[in-house]
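The block underneath contains the structure these notes are about, expressed in structure tokens.
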Amino acid sequence: MNERVVPFEAKMQKSVEALGEEFTTIRAGRANPHVLDKIKVDYYGTPSAIQAVANVSVPEARIIQIQPWEAKMIKEIEKAILASDLGLTPSNDGKVIRLVFPELTEDRRKELVKDVKKKSENAKVAIRNVRRDANDAIKKAAKSNEISEDEQKGIEDEIQKMTDKFIAEVDKMTDNKSSEILTI
């Protein structure tokens, strides 16, 4: 692989990884503790992840159990969950908070799949933008005689193959997440 291509490959890889992280926060009817990853709780004036102030477990397929290490954190955690866009109402018994994931309706599943496809399209656009930037950099290098026309063509082919590889990876991730959501 040409050393001029490496930084662009890293940028494309980051786009794919960011999409994977976004997909983990989309709930698919089953309880997944990763839906809490982006929620921050006020812990003595410091925004902290729920996992940093409590034990998070999944005792049943559709229940997330959050057991704060300090009892007074229950109110803060509940407040953060209610303020988030999870659409779940926490319930607590004074020691433990439970999040019950309702069974997804068919309409809601289709809505989530649309959301997955939209996020996937955004990732593809980001990858194509990196391809455009890479091609521009190569054309510039060719114009200033840093590389020959043959090298330019070879590098552009390499960039296109790399783009195709990452787009295919995004498509595969999208298909997997969509089928996970649509599986009852």
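Karplus-derived 3J(HN,Hα) values for the range 119-124, using 6.51 cos²θ - 1.76 cosθ + 1.60 with θ = phi - 60°, are 4, 5, 5, 4, 5, 5 Hz; glycine and proline are entered as x.
For the range 63-138, trypsin sites (Lys or Arg not before Pro) are listed when DSSP marks them as loop and at most 11 other Cβ atoms sit within 10 Å of their Cβ; the list is Lys72, Lys95. Based on the Cβ-Cβ distance of Asn2 and Val125, what FRET efficiency does E = 1/(1 + (r/R0)^6) give at R0 = 22 Å, to the nearest 0.05? The computed FRET efficiency comes out at 0.35. Taking R0 as 45 Å, what FRET efficiency do you get between Asp133 and Ala52 from their Cβ-Cβ distance, rounded to the nearest 0.05? After rounding to 0.05, the efficiency reads 0.80.
Got a number for carbon plus sulfur as a percent of the chain's accessible area, 1.4 Å probe? Carbon-and-sulfur percentage of accessible area, whole number: 51.
Within the shell of other residues whose beta carbon sits under 13 angstrom from the beta carbon of Ile147, the net charge comes to -2, with Lys and Arg scored +1 and Asp and Glu -1. How about the range 88-179: which GluC sites (Glu not before Pro) there are in a DSSP loop, with at most 11 other Cβ atoms within 10 Å of their Cβ? Sparse-neighbourhood loop GluC sites (Glu not before Pro): Glu103. Under a 5 Å amide H cut-off, with hydrogens placed 1.01 Å from N, Tyr43 pairs with Ser48 among residues at least 5 apart or on other chains.
Taking a straight line from the alpha carbon of Lys79, these lysines sit under 22 Å away, with near neighbours fewer than eight places off in the same chain left out: Lys38, Lys40, Lys95.
Each Lys or Arg adds one and each Asp or Glu takes one away; over the other residues whose Cβ falls under 11 Å from the Cβ of Pro68, this sums to 0. Couplings 3J(HN,Hα) of the range 102-117, computed from phi: x, 4, 6, 6, 4, 4, 5, 4, 5, 4, 5, 5, 4, 4, 4, 5 Hz, in residue order, whole Hz [Karplus 6.51 cos²θ - 1.76 cosθ + 1.60, θ = phi - 60°; x for Gly and Pro]. In terms of overall dimensions, the C-alpha atoms belonging to the chain reach 71, 41, 22 Å along their principal axes, ordered largest to smallest.
The values are calculated or read from the model by the stated rules, or taken from the named source; none is laboratory data. Model, not experiment: these values are computed from the prediction. Virtual Cβ from ideal backbone geometry, glycine too; neighbours counted across all protein chains shown. For accessibility, only protein heavy atoms count, side chains too; no ligands or nucleic acids. Shrake-Rupley method; radii C 1.70, N 1.55, O 1.52, S 1.80 Å.
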